[in-house]
Amino acid sequence: EVMLVESGGGLVKPGGSLKLSCAASGFTFSSYAMSWVRQTPEKRLEWVATISSGGSYTYYPDSVKGRFTISRDNAKNTLYLQMSSLRSEDTAMYYCARRGYGNYVPMDYWGQGTSVTVSS
Amino acid sequence: DILLTQSPAILSVSPGERVSFSCRASQSIGTSIHWYQQRTNGSPRLLIKYASESISGIPSRFSGSGSGTDFTLSINSVESEDIADYYCQQSNSWPTLTFGAGTKLELK
């Protein structure tokens, strides 16, 4: 059974940093690209980052580029999201999601999410 | 960026009815649209990929259609467990991915 378990969320002040983790099991983690997607309090879904299966390629939207870093440790079956210079608009539930093989594929499995609140 | 417009924002249905959700793209995206269901306090779940391709484990009452800019997700006979939010997502502009704002399905 594919499982993705996020952790590391919490309350952080504006300008602060936080590192999220996503532990994967039930599939060959190193064979899949992975993404982070967040859901705002208004329930809007926003793509945050994608990393290739081997970790060599990373992609971000302009809203987080330069502030967020996605990475992975295939030996530990774990995906990460390092977030810095956090803003109130980064407040959201953060999900990690598995992407299928290929570039135009959907996200076929999602974790349960970890909540991030940016507030003073 | 490719914008996805979902309508209506809220759909009210009775059990057993057929319901359709609309998703319109700001430019042609072929069939690179995927649909997700999110129940209350749950995570998104993939329902349909590439506009009309079924997903293993998803009930056959869910179907998708469309190409270009107009897409539809249909539920043939709504059950109470289908009460949820439904989102479309495009992957045509990979690596940039975008989602629609969602449609809330509620019971009358």
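So what is the orientation-averaged projected area of chain B, using the convex hull of its C-alpha atoms, in nm²?
6.2
Provide Rg and Dmax in Å for the range A:1-77, with only Cα atoms included in the calculation.
Rg, Dmax (Cα atoms, Å): 13.3, 38.
Once you keep just the Cα pairs under 8 angstrom separated by 6 or more residues, what percentage relative contact order results for chain B? List each step's numbers first, then the result.
Numbers: 276 pairs, mean separation 40.8, N = 108.
Normalised by residue count, the contact order of chain B is 38 percent.
With a 1.4 Å probe on protein heavy atoms only, tell me which residues of the range A:33-63 lose at least 20 Å² of accessible surface in the complex relative to the chain by itself.
Checking the loss per residue gives A:39, A:43, A:45, A:47, A:59.
At a threshold of 8 angstrom on Cα-Cα distance, excluding pairs fewer than six apart, so keeping six or more, what relative contact order does the range A:11-86 reach in percent?
About 39 percent, as a whole number.
If the only charges are +1 at each Lys and Arg Cβ and -1 at each Asp and Glu Cβ, what is the size of the charge dipole of chain A around the Cα centre, to the nearest 20 debye?
Dipole magnitude for chain A comes out near 200 debye.
With the calculation restricted to Cα positions, what are the radius of gyration and Dmax of the protein assembly as shown in angstrom?
Over the protein assembly as shown's Cα set, Rg and Dmax evaluate to 17.3, 50 Å.
Using +1 on the beta carbon of Lys and Arg, -1 on that of Asp and Glu, and nothing else charged, what's the dipole of the range A:47-91 about the Cα centre, debye to 20?
100
If I build a Gaussian network model for chain A, linking alpha-carbon pairs within less than 10 angstrom, which residue out of A:26, A:16, A:54 has the largest mean-square fluctuation?
Taking springs between Cα atoms under 10 Å, the residue moving most is A:26.
If you place +1 on the Cβ of every Lys and Arg and -1 on the Cβ of every Asp and Glu, how big does the dipole about the Cα centre of the protein assembly as shown come out, in debye to the nearest 20? The partial results should precede the final answer.
Values: 20 positive and 18 negative charges, 81 e Å.
For the protein assembly as shown, the charge dipole is close to 380 debye.
The values are calculated or read from the model by the stated rules, or taken from the named source; none is laboratory data. This is a predicted model, so every value here is computed, not measured. Here Cβ is always computed from backbone atoms with ideal geometry, including for glycine, and neighbour counts include all displayed protein chains. Protein only, heavy atoms only, side chains kept; ligands, DNA and RNA dropped before computing areas. Shrake-Rupley method; radii C 1.70, N 1.55, O 1.52, S 1.80 Å.
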